[in-house]
Amino acid sequence: MRIIGGQFRGLHLAPVGDGDAKAHLRPTSDRVREAIFNLLINGGYGDPVTGARVLDLFAGTGALGLEAISRGAVRAAFVDDGTAARALLRRNIELTRTMGVTDVWRRDATRMGPNRGAGYSLVFLDPPYGKGLGEKALASCVEGGWLAPDALIVWEEGVPPAVPQGFEMLDQRSYGDTVVTMLRPES
């Protein structure tokens with residue numbers, strides 16, 4: 001697993017092997033991550049990465065948020081309640097030397113609570129597949145004020161998720177066993 005583009009391009013991240021089923025670690029493959037960022041940059045959304053405040057829910061290794069920082073995001077907050085995931089995440093933050101622009105929160109992404117800062121403009125949502133956690137996390141983010149009004153949400157799931165009320169689907173693509181859905185809050 002490595003950073004695909006930007007200032008850290010080619011940097012290898014801490015190895016996970018095939019993932020950790022008990023810890024629900026299922027890192028986004030390099031190929032899918034590259035497709036996501038190509039879609040973000042070339043999908044007609046302007047440039048949602050440069051200057052973004054990123055919220056990486058069910059962060060795991062943090063590869064999505066760190067890829068965004070490599071490509072110009074100004075800050076990333078990583079949310080994961082798994083011990084193994086946070087250890088890998090901290091190691092990857094050390095490897096990329098991004099301690100000053102990252103936050104790691106031990107928190108259940110389905111119970112975010114109130115946000116005390118500005119909303120996040122780019123949100124990565126990569127829950128364990130098939131458990132309905134993506135819907136709960138998104139509802140929690142709305143309730144807590146975590147999303148900027150024009151936030152772009154990139155949701156990975158094993159099957160196409162139902163678009164929650166209050167959101168519009170912008171795009172949806174399949175990459176093997178991963179379905180990537182792009183959402184935005186309705187204006």
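Bear in mind that the values in this text are calculations on the coordinates, not laboratory data. In this text, all values refer to a predicted model and were calculated from it rather than measured experimentally. All Cβ positions, glycine included, derive from the backbone under ideal geometry; neighbour counts span all protein chains shown.
Taken about its Cα centre, the range 1-151 carries a charge dipole of roughly 320 debye when the Cβ of each Lys and Arg holds +1 and the Cβ of each Asp and Glu holds -1. Overall dimensions of the range 94-170, expressed as equivalent-ellipsoid semi-axes from the Cα gyration tensor (√(5λ), whole Å, largest first), are 22, 16, 13.
The alpha carbons of the chain occupy a box of 39, 37, 35 Å along the principal axes, longest dimension given first. Rounded to the nearest 5, the antiparallel percentage of DSSP beta bridges internal to the chain is 45%. One chain, two ends: GLN7 and SER174. Fully extended at 0.36 nm per residue, the span grows by 57.3 nm beyond their Cα-Cα distance. The amide H of ARG107, built 1.01 Å from its N in the peptide plane, has ASP80, ASP81 as neighbours under 5 Å, considering only residues 5 or more places off or on other chains.
Compare PHE78, PHE58, PHE37 in a GNM of the chain, Cα atoms joined below 10 Å, and give the one with the largest fluctuation. Fluctuation is largest for PHE37.
For the peptides 90-100, 41-51, 61-71, the ranking by mean Cβ contacts within 10 Å, running from highest to lowest, is 61-71, 90-100, 41-51.
Computing FRET efficiency as 1/(1 + (r/R0)^6) for ARG106 and VAL74, where r is the C-beta to C-beta distance and R0 is 22 Å, gives about 0.45. Computed extension gain for MET99 through ALA139, at 0.36 nm per residue and net of the alpha carbon distance, reaches 11.5 nm.
Note on the chain: helix-only mean residue ellipticity at 222 nm, from DSSP H runs of 4+ residues weighted -39500 (n - 2.57) and normalised by residue number, equals -8000 deg cm²/dmol. How big is D for the range 41-107, in µm² s⁻¹ as a whole number, if Stokes-Einstein is applied with the Kirkwood radius of its Cα pairs at 20 °C and 1.002 mPa s? Taking Rh from Cα pairs, D becomes 180 µm²/s. Across the range 88-98, computed HN-Hα scalar couplings (Karplus, 6.51 cos²θ - 1.76 cosθ + 1.60, θ = phi - 60°) run 5, 4, 4, 5, 5, 5, 4, 4, 8, 6, 10 Hz from first to last residue, x flagging Gly and Pro.
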